Amino acid sequence: MRSVPPTALRAVAIGGGTGLSTLLRGLKRYVAVSGATSSGCADGPCQLADLAAIVTVTDDGGSSGRLREDFNMLPPGDVRNCLVALSEDEHLLSRLFQYRFGQGELEGHSLGNLFLAALDDLCGDFALAVQHSSQILATRGRIYPATTDNVSLAALMDDGSHVHGETSITASKQRIHELYLEPAEAHPVPETLEAIRQADLISVGPGSLYTSLVTNLLVRGIPEAIAAAKATRIYVCNLMTQANESLGLTASQHIQKIMDHAGSYRLFDYALINTAPISPASLAQYAREGQAPIVADLDAVRALGVEPVTGNFVYEGAVLRHDYDRVAETMLQLAVKGRP
């Protein structure tokens, strides 16, 4: 059995897209697994007694969008990425679940999405399908959709127009002024609120500001639960601005936009912000899309009641990603330290 100290923490990670699954890869190394033969997690005893991921469910593009339309189900793509990230045998499962059919009626669909669609049909409940998937795949953590209501994203743009659907919002050339759900009264999965209530560590991000992060906080009850939680609450700031979502926004402006959409609740104690330099080659690659490193305006972050934690959190590969080992380690240190 893995060694689990009596002070082991309960963690909740909120987000979507590749940002959430990247973070989960770092955190899962610290999760106790029943029946495992290792003497510990990562470099020492298991520091996490429990890990829960709360995942956005508003995607309407690609394979997820097609399944959503054809089977009247919630989009499985972001959940699939989290299942892969938290699985014990991630390498094999990743190859299998991320496999996309290249021809015929299944062209463009990933096997993982079809797996979740089949379970959803068998269970008649998407949250239950996700739970069974986690059990089948022996994930080191639980995965909850933010809501099981059939909601879509809509946005009021800076020119006064309204755009409906996540794909259309991200493709728009206008800036997002306000994001909202249709219908507005989306209900959270009860287990998500209980996980937040019991958590010692809550993280939001990294991920697309509006379509991966804010969308979770539009579900009634979730921002209120985070605000009332006893946990250490951490915002993981993106590395770069993002076209159509956050071009030109500083670190503090990201936090302010989240707070504005969450009822102005104070949601964060700390903000992890990368201050390490990024190579000229990567900067040039992103500049072609108009993207740039997010400005670390630390005094403005503090003025929002959030303590910035700076460091080298970047990993440079074919694309820029957070170094999930450094991020996870820093988050756990802050959780042990407690609120500032």
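The values are calculated or read from the model by the stated rules, or taken from the named source; none is laboratory data. As the structure is a computational prediction, the values presented were derived from the model and not from experiment. So basically every Cβ, Gly included, is an ideal-geometry build from the backbone, and we count neighbours across all protein chains shown.
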How many of the residues making up the range 154-179 are in contact with a strand residue (DSSP E or B) (Cβ under 7 Å, 6 or more places away or on another chain) and of a type in the set (Ser, Thr, Tyr)? 1
Helices (runs of 4 or more DSSP H) (entirely within the range 252-340) containing at least 2 residues that are in contact (Cβ under 8 Å) with a residue 60 or more places away in the chain: 324-337
Expected output for the range 68-88 (first residue free of Cβ contacts under 8 Å to residues at least 24 places away in the same chain, partner acidic (Asp, Glu), Cβ below 7 Å, 6+ apart or cross-chain) is 68/60; 75/59; 75/60
Criterion first (at pLDDT below 95 and over 26 Å from residue 182 (Cα atoms)) does residue 263 satisfy it? no
Is it true that residue 182 is out of contact with any strand residue (DSSP E or B) (no Cβ under 7 Å at 6 or more places or on another chain), surrounded by fewer than 21 Cβ atoms within 10 Å (Cβ to Cβ) and among the charged types (D, E, K, R)? no
May I ask you to verify whether residue 127 is assigned by TED's automatic domain parsing to the domain that holds residue 71, over 30 Å from residue 243 (Cβ atoms), in contact with an Asp or Glu (Cβ under 7 Å, 6 or more places away or on another chain) and of a type outside the set (Phe, Trp, Tyr)? no
Have a look at 232, 215 and point out the one that is in contact with a strand residue (DSSP E or B) (Cβ under 7 Å, 6 or more places away or on another chain) and under 18 Å from residue 79 (Cβ atoms). 215
All but one of (1) free of Cβ contacts under 8 Å to residues at least 40 places away in the same chain; (2) out of contact with any Gly (no Cβ under 9 Å at 6 or more places or on another chain) hold for residue 177; state the number of the condition that does not hold. (2)
Restricting the search to the range 157-193, which residues are closer than 25 Å to residue 232 by Cα and within 18 Å of the chain's Cα centre (by Cα)? 188, 189, 191, 192, 193
Among the residues of the range 75-133, count how many are hydroxyl-bearing (Ser, Thr, Tyr) and exposed (fewer than 14 other Cβ atoms within 10 Å of the Cβ). 1
Over the range 77-120, the set of residues modelled with pLDDT under 85, under 23 Å from residue 31 (Cβ atoms) and not in a helix (DSSP H, G or I) is 88, 89, 98
When residues of the range 143-174 are limited to those that are free of Cβ contacts under 8 Å to residues at least 60 places away in the same chain and hydroxyl-bearing (Ser, Thr, Tyr), the one surrounded by the fewest Cβ atoms within 10 Å (Cβ to Cβ): 161
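Listed here are the residues, each with its yes/no results for (1) within 14 Å of residue 206 (Cα to Cα); (2) out of contact with any helix residue (DSSP H, G or I) (no Cβ under 8 Å at 6 or more places or on another chain); (3) of a type in the set (Gly, Ala, Ser); (4) not assigned by TED's automatic domain parsing to the domain that holds residue 203.
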{"residue": "295", "(1), (2), (3), (4)": "no, no, no, no"}
{"residue": "299", "(1), (2), (3), (4)": "no, yes, no, no"}
{"residue": "302", "(1), (2), (3), (4)": "no, yes, no, no"}
{"residue": "306", "(1), (2), (3), (4)": "no, no, no, no"}
{"residue": "313", "(1), (2), (3), (4)": "yes, no, no, no"}
{"residue": "321", "(1), (2), (3), (4)": "yes, no, no, no"}
{"residue": "327", "(1), (2), (3), (4)": "yes, no, no, no"}
{"residue": "336", "(1), (2), (3), (4)": "no, yes, no, no"}
Out of everything in the range 211-249 that is within 25 Å of residue 337 (Cβ to Cβ) and of a type in the set (Lys, Arg), what residue ends up being surrounded by the most Cβ atoms within 10 Å (Cβ to Cβ)? 233
Looking only at the range 311-324, which residues are crowded, with 16+ Cβ neighbours inside 10 Å and within 28 Å of residue 230 (Cβ to Cβ)? 313, 322, 324
